[in-house]
């Protein structure tokens, strides 16, 4: 599911950047020239047939957007070697701890720190797909809290659900409502419905 969200995000960004909006393209090019990490990432993403190579070079050079994107997409493909998995884990953990100043933007227009997205991806992997990390509920919860604290709305919503039903945490309806409200305030649609169930 997360892979589809990334694909939808990138498709939307491509349409925005390529849809005849010369002003947007000019602004993006200027931002990339100043070294804006997100603009540089988008420019690489839009580089056509050389996209994979361009993104790989950016990730290796330390671009956190390229690192988070490639770590997620490459691990989701399920063909990563143990050495590659170690690299991807390093990229995600580095972004989760150090990319607070970088913004992640979703197709729906939600914006929050890239560090929150990286922490959320780590938590999701610990919860089940076992692509990069082994299943570990306590580690998943730690990273889920980190992501929620950094403003990742899906993490806030999932943390609220955990408190609501006592999933690997003590049941705490006040905490559930607080996190659900934060997720709703961040425009997470499921949280708006979830709040009704907590009233």
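The values are calculated or read from the model by the stated rules, or taken from the named source; none is laboratory data. Just so we're clear, the structure is a prediction, and the values are computed from it rather than from any experiment. Using ideal geometry, Cβ is built from the backbone for each residue, glycine included, and neighbour counts are taken over all protein chains shown.
Quick one: would you say residue 184 is under 19 Å from the mean Cα position of the chain (by Cα) and within 27 Å of residue 85 (Cα to Cα)? It is false that residue 184 is under 19 Å from the mean Cα position of the chain (by Cα) and within 27 Å of residue 85 (Cα to Cα). Residue count for region 120-139 under the criterion of being in contact (Cβ under 8 Å) with a residue 24 or more places away in the chain and within 24 Å of residue 182 (Cβ to Cβ): the result is 8.
Among the residues of region 62-85, the ones that are free of Cβ contacts under 8 Å to residues at least 24 places away in the same chain and within 20 Å of residue 113 (Cα to Cα) come to 2 in all. Can you confirm whether residue 79 is more than 18 Å from the chain's Cα centre (by Cα) and closer than 24 Å to residue 55 by Cβ? Against the criterion (more than 18 Å from the chain's Cα centre (by Cα) and closer than 24 Å to residue 55 by Cβ), residue 79 qualifies. Looking at the structure I just gave you, is residue 48 more than 15 Å from the chain's Cα centre (by Cα), closer than 25 Å to residue 132 by Cα and either buried (at least 19 other Cβ atoms within 10 Å of the Cβ) or modelled with pLDDT of 55 or more (or both)? Here the answer is no, as residue 48 does not meet what is asked. Of note, residue 79 satisfies the criterion of being under 23 Å from residue 126 (Cα atoms), modelled with pLDDT under 95, outside any helix (DSSP H, G or I) and assigned by the TED database to the domain that holds residue 101.
When the criteria are applied in full, residue 138 meets the requirement of being under 21 Å from residue 97 (Cα atoms) and out of contact with any helix residue (DSSP H, G or I) (no Cβ under 6 Å at 6 or more places or on another chain). Name the one entry in 186, 176 that is more than 29 Å from residue 41 (Cα to Cα) and touching a helix residue (DSSP H, G or I) at 6+ places or on another chain (Cβ under 9 Å). Step by step, each of 186, 176 is checked, and only 176 is more than 29 Å from residue 41 (Cα to Cα) and touching a helix residue (DSSP H, G or I) at 6+ places or on another chain (Cβ under 9 Å).
When residue 25 is tested against the conditions (1) surrounded by 14 or more Cβ atoms within 10 Å (Cβ to Cβ); (2) over 17 Å from residue 103 (Cα atoms); (3) at pLDDT 60 or above, the lone failure is (3).
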